[in-house]
Amino acid sequence: MNASPSIEAQDRPARLTVGVVGAGRVGPALAASLQLAGHRPVAVSGVSDASVRRAEALLPDVPIVSPSEVLARAELVLLTVPDDALPGLVKGLAETGAVRPGQLLVHTSGRFGAAVLDPATRVGGLPLALHPAMTFTGTPVDVQRLAGCSFGVTAPEQLRMAAEALVIEMGGEPEWIEETARPLYHAALAIGANHLVTLVAQAMELLHGAGVHAPDRMLGPLLGAALDNALRSGDAALTGPVARGDAGTVAAHVAELRRHAPQAVDGYLAMARTTADRALAHGLLKPEPAEALLDVLAHGTGTHPAGAPRPSDGPNDSRPSDGPDVPRPSDGPDAPRPSDDPHPPENDNPGHPQNDNPDHPQNNDPHHPQDGDDQ
C-alpha cells in the first residue's frame, strides 16, 4: 500500500464479491487489485477473444458468464465498457431486473459521473464513479501501476466515504470531482495523455525519416526532462524556437514538414500557435520577435498583411501594452481552422482503445455489451 490516507475500520467496505461487466483493459486489473485487498472476484463477462484472454490472465479461475449472471453473483459490479455503451448498458440492466437493491455499481468512465447510473439507482443500486487516471496495457503490470494512481471519484455524498475507501484499497489516491465537472476533467486527461501519445509517435516517425536509428532512445531522456520540467514549472518550462521567437527556424520546420510529412503540418502549426500564445501571455516571448514568428505561423512564410489582429486581443489581453501590433496566431486565410461541425466525432477514451474487437458492432443489449475500456 502506498502512503494513502489511512482507513478507519468502520469506514472500510466489507469484504465483497466482485464482478466485471466488460473485460477490457481496465476491469480485470481493478478486480485483481481489489482481490489483493481481500475482496473476491466471482464473475466476469467478455465477448472478444482478447477480453477472454485478459480475464483468464488477470483473474484465473474466475468464470466468464453473461452480464446478467455477473450481477446475480456479485455484490460489487465493475461496469467497464466504452463510454458510449455505458448509458444503454445501465438502462438495460435496470429494466431487466438484474440490479439488486444495495448492490454497488461502479463505472470507470472519465466522462460520466454518478448520474449515468440513475436507472440502476432508482431500483436500489448504489452508484459510484471511480475513474483511474492511468493508461492500461491489459497485462498484470497494470495492477502495479495503480499504486499511487489518482482516481476521479464522484458519488452521492452518503457514499463518498465508501468510494474513497475502495480507491485507497486499490492503492490509489482519491480525487473528488463534482458531477458537472466530469467532462472538463476528462478533456484535460485526454489532452495530456492521448495527445501526448500522438505527439511522441509522430516525433519518432519524423526522426526515423531523418535517419535516426533509435528514435526512442533519442527522445526518452529529452521527453522525460521536458515532462518533469512542465509538471514542476508549467509554462515557465517552455523552450525551443517558438518560445524564443526564432521565426526563421520555424519557417524551415514548416517547409521541411510540407516536403516530407505534409500530414504533420497542421498539428505543428496548431501546437506552435498555442505555444506562442502561452509564451506571450507569460512574458517568455517578446512582442518584436513574436510578430515575425506569427507571420510564419499564419501563412508558413515571413509575410503577413498589415493591421492583422493581435493574439489574445480582447478584455483579457495579457500582452505588454507598449509593444507593436502582433498578429493573431490563428488568423489568416491560409491558416488551418477547426471544423465548423458542432458535433465532431468524439473519442471519450483518453488512453484506452474502446473495443478490442473492431468487427463486433456496439451493442447496448445488457446481455452482450461491447468489450473495451471506458476512460
Self-check item: Phi-based couplings in Hz for the stretch 180-197 (Karplus 6.51, -1.76, 1.60; Gly and Pro marked x)
Solution: 6, 8, 4, x, 5, 4, 5, 4, 4, 5, 5, 4, x, 9, 4, 5, 4, 4
Quiz prompt | Summed side-chain charge close to ARG40 - residues other than ARG40 whose Cβ falls under 10 Å, Lys, Arg +1, Asp, Glu -1 | solution = 0
Quiz item: Where does each of 245-251, 59-65 land if you order them by average Cβ count within 10 Å, highest first?
Solution: 245-251, 59-65
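Assign one of three labels to the stretch 256-295, namely rounded, prolate or oblate, based on the Cα gyration tensor with a ≥ b ≥ c the square roots of its eigenvalues; rounded applies when a/c is under 1.5, prolate when it is not and a/b is larger than b/c, and oblate otherwise. Before the final figure, lay out each step's value.
Working: a/c = 4.10, a/b = 2.15, b/c = 1.91.
It is prolate, given that a/c is not under 1.5 and a/b is the larger ratio.
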Quiz item: Residue by residue, what Karplus-based ³J(HN,Hα) values in Hz, rounded to whole numbers, does the stretch 165-175 have, using 6.51, -1.76 and 1.60 with θ = phi - 60° and x for Gly and Pro?
Solution: 5, 4, 4, 5, 5, 7, x, x, 10, x, 10
Quiz item: Is the shape of the stretch 145-206 rounded, prolate or oblate, going by the alpha carbon gyration tensor and its root eigenvalues a ≥ b ≥ c, with a/c under 1.5 for rounded and a/b larger than b/c for prolate?
Solution: oblate
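Using only alpha carbon pairs under 8 Å that are at least six residues apart, calculate the relative contact order of the stretch 25-160 and give it in whole percent. Working shown, then result.
Details: 219 pairs, mean separation 30.7, N = 136.
The value is 23 percent.
Coordinate-derived values only; no laboratory data. Given the structure is predicted, the values throughout are model-derived calculations rather than measurements. Methodologically, a virtual Cβ is constructed for each residue, glycine included, from the backbone with ideal geometry; neighbour enumeration extends over all protein chains shown.
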